[in-house]
1. Mind telling me which of the residues A97, A28, A71 ends up being under 30 Å from D264 (Cα atoms), in contact with a Cys (Cβ under 9 Å, 6 or more places away or on another chain) and not charged (D, E, K, R)?
2. Suppose the filter is within 25 Å of Y111 (Cβ to Cβ), open to solvent by 60 Å² or more (accessible area, probe 1.4 Å) and not basic (K, R); does I222 pass it?
3. For the range 27-40: of the residues being in contact (Cβ under 8 Å) with a residue 40 or more places away in the chain and open to solvent by 70 Å² or more (accessible area, probe 1.4 Å), which is nearest to F178 (Cα to Cα)?
4. Within the range 133-146, track down each residue that is among the aliphatic types (A, V, I, L, M) and either open to solvent by less than 40 Å² (accessible area, probe 1.4 Å) or not in a helix (DSSP H, G or I) (or both).
5. Got a sec? Which of V281, V248, V286 is open to solvent by 60 Å² or more (accessible area, probe 1.4 Å), of a type outside the set (S, T, N, Q) and at pLDDT 80 or above?
6. What is the residue count in the range 41-76 for residues that are assigned to a helix (DSSP H, G or I) and either under 18 Å from L116 (Cα atoms) or open to solvent by less than 20 Å² (accessible area, probe 1.4 Å) (or both)?
7. Among the residues of the range 77-113, count how many are within 17 Å of the chain's Cα centre (by Cα), β-branched (V, I, T) and open to solvent by less than 10 Å² (accessible area, probe 1.4 Å).
8. Can you name the number of the only condition in (1) β-branched (V, I, T); (2) surrounded by 13 or more Cβ atoms within 10 Å (Cβ to Cβ); (3) out of contact with any Leu (no Cβ under 9 Å at 6 or more places or on another chain) that I197 fails?
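The values are calculated or read from the model by the stated rules, or taken from the named source; none is laboratory data. Quick caveat, the model's predicted, so the values are computed rather than measured. Cβ sites come from the backbone with ideal geometry, for glycine too, and all protein chains shown count toward neighbours. SASA here: full protein model, heavy atoms, side chains in, ligands and nucleic acids out. Shrake-Rupley method; radii C 1.70, N 1.55, O 1.52, S 1.80 Å.
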Amino acid sequence: MNVTENYTNMFHFNLTMFVKIGSFRYPAFVLCLLMFAFIVSANIIILLVISQERTLHEPMYMFIALLSVNALYGSTGFFPRFLMDLLSDTHLISRPACFTQIYIIYTYGSYEMTILSIMAFDRYVAVCEPLHYHNKMTRKKVCILSAFAWIMPAFSVATCLYLTVRLPLCGNKILKVFCAGWNVAKLSCVSTLISNIVGLLYVVIVVFLPLIYVLYTYCRIIIVCSKKSSEFKSKVFQTCLPHTVSFVTFSLAGFCDIALNRIDVEKLNRYFAVILSLEIVLIPPVLNPLLYGLTLPEIRKHIFRMLPWLKKHKLEQKMTYHT
């Protein structure tokens, strides 16, 4: 059996970036565990508030709920394995587990982008065509857009992953703290031209087209706002700001992850490289519930009503004020 066959038939990948973390892995474990707990609890609270309050059964809030579902999906698919690897002395991951992780992380990222694009469309119709909003954003339309946001990325990622799985590999070392499609493809013994072309099409469809569309919608929104009153601008700013911050943050995190796959990570500071690679799975799930939960008055009001300790605190404030 030759070298190529030996590597091709290997059942494990080695995540070599963990070796470079050293003693930093212990405080990193505590921090990431706390972040995971916050992500789960904060996004569940957002989902409970939106599902229980009938006044929030509007398209904008339903799309926010989708973001929370996606945050839970991506986080639960990433953190348990990552936390175990942080404390482990060996960082081998089986081929099935590696490809499953790739699918979860890539679909999570794709879902985020498509949901944010649909939210941009919702804001565009609400601001630029307010009289037609309820006719265009019907319950049926919301369901169709939501289904598209989930189905299209699922098939796109599955196609790219299928081509990667079929590649014969001449190595098993992945310079990362989690599995990534491009890192696996670089281990191939044969040409990856077809995989590269399909991957490029995937990036164009899932990343660049939504990016262009969101920029277009916000240009139109800015043009409309320039002709309206200050009160109108303030209201639009309040509803569009969380989405804008979410989109910019996720786009920057995605750009960092794509860039890391194309450069020599060995030349970067090891801690800096790890932090950059983790941005896409850490920052959006933490930031989104804070943005939408604290910035949007309707959600914030119901969150305060839901949490008992907040009720008690507000009651104590009122009693102090009256005395």
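1. A97
2. no
3. Looking at the filtered set, the residue picked out is L33.
4. Matches in the range 133-146: M137, V142, L145.
5. Selected residue: V248, the only one of V281, V248, V286 that is open to solvent by 60 Å² or more (accessible area, probe 1.4 Å), of a type outside the set (S, T, N, Q) and at pLDDT 80 or above.
6. Of the residues in that region, 24 qualify.
7. Count: 2.
8. Unmet condition: (2).
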